Structure formats: C-alpha cells, structure tokens
Amino acid sequence: MSALKVLACGDVVGRFSSWLKRLESVCKKAGPFDLAVCVGSFFSPSDASAEDDEAALAAVRSGRRPLPLPVYVLGPNSQAEAGRYGDLAGYEICENLIYLGSHGCYMTREGLRIAYLSGSTEGKGDSAGKPFAFSFGQVKELQVRKTYFSLSCICRIIWFLRFS
C-alpha cells in the first residue's frame, strides 16, 4: 500500500454548512486527500440544528452536493446524539460518508486499517450499557487487536484515555 494523505477533522456538532465549506476549501488548497476521518461529535446533540445545516446535510445525502472524498465518522458522545445515527453498528450514511460504528477495526476501501473507539467512558450510573459509552472490555479488545493486527491508526474521541 502506498502512503495515503489523510485529513483529520474535529467536532462538526451538526454545523454541516460551515464544515462542508471548510472541507472543500482545505481539499482545494492542500489536497488532494485520499480520505478524511472525523474524530469528534459529528451530529448535533439535538434536532435544533440550523436550517441551513440541515439543508446542507440533506444535499449531501441526496447526492446534490457530493463530498470531495470519503469521510469516516465516529459515533455518538451522548444519548441525545445517539438518536441521530440510524444503525449504531455502523453503516454508509450516503455516498462517501461512512459511520464506522461504536468500536472496532475497519479497513477503508483505500486500504487504511483504522481501530476506533467512539463515545465516552462507561460509568456505573446512567451511561452503563448505553450506545454512546464504551467499556473497559472494548478498550482491552482494541489493545488485543492492536497487538495482533497491523493497524494504520487508532482513532478515539476521548484523547486523554491511556491506550498503550
């Protein structure tokens, strides 16, 4: 596999209109990129996104405004965000927009092997077993995969989590 040029994106938080403008601008100035990985909150935690943001996402989903490259997104960080994902196991939202799932390993069509972990740490209270929370077992599973498989990168939303 030859070297891939990957664009990393942070939180979108439902601001699709400005994110798309920025994505297109960066691709034009510094590209071409092979793919983008969005490691922050992608959807807004509520349905209260601005009308132009919802229109921008609808244009991407319908194909009227195609993404300039494949974009891989991580999962929800809260219960409010979880409702915005159609299938928490991961799926193609639309052409070139792929939701990876809550945790696991994924090989992109470009050949990049990504280990990923979405959400926040699972607590003993309200977050236990929720789709936006990950468990210690899931972290251990990724550590095992990292040891036995050749991974290209590891993506997670919570940066301060120790992952050695």
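The values are calculated or read from the model by the stated rules, or taken from the named source; none is laboratory data. Worth saying up front: this structure is predicted, and the values here are computed from it rather than measured. Don't worry about glycine lacking a Cβ; one is built from the backbone with ideal geometry, like all the others, and counts go over all protein chains shown.
Every residue, every condition in (1) closer than 19 Å to T108 by Cβ; (2) more than 17 Å from the chain's Cα centre (by Cα), yes or no:
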position: C9; (1), (2): yes, no
position: F16; (1), (2): no, no
position: D52; (1), (2): no, yes
position: A58; (1), (2): no, yes
position: E81; (1), (2): no, no
Per the filter on the range 66-81, residues closer than 28 Å to S25 by Cα and at pLDDT below 75 are N77
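Would you check if there is a residue in the range 27-37 being out of contact with any Pro (no Cβ under 9 Å at 6 or more places or on another chain), touching a residue at least 24 places away in the same chain (Cβ under 8 Å) and not small (G, A, S)?
First, the residues of the range 27-37 that are out of contact with any Pro (no Cβ under 9 Å at 6 or more places or on another chain): 29-30, 37.
Adding the requirement that they be touching a residue at least 24 places away in the same chain (Cβ under 8 Å) leaves 37.
Checking the rest, the ones that are also not small (G, A, S) come to 37.
Yes, the range 27-37 contains a residue that is out of contact with any Pro (no Cβ under 9 Å at 6 or more places or on another chain), touching a residue at least 24 places away in the same chain (Cβ under 8 Å) and not small (G, A, S).
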I need the full set of residues from the range 74-106 which are under 17 Å from A59 (Cα atoms) and touching a strand residue (DSSP E or B) at 6+ places or on another chain (Cβ under 7 Å), in order please. E92, I93, N96, L97, I98
Qualifying positions in the range 9-64 - surrounded by 19 or more Cβ atoms within 10 Å (Cβ to Cβ), part of a helix (DSSP H, G or I) and not hydrophobic (A, V, I, L, M, F, W, C): D53
Taking the range 82-138 on its own, how many of its residues are at pLDDT below 75, among the aliphatic types (A, V, I, L, M) and surrounded by fewer than 17 Cβ atoms within 10 Å (Cβ to Cβ)? 3
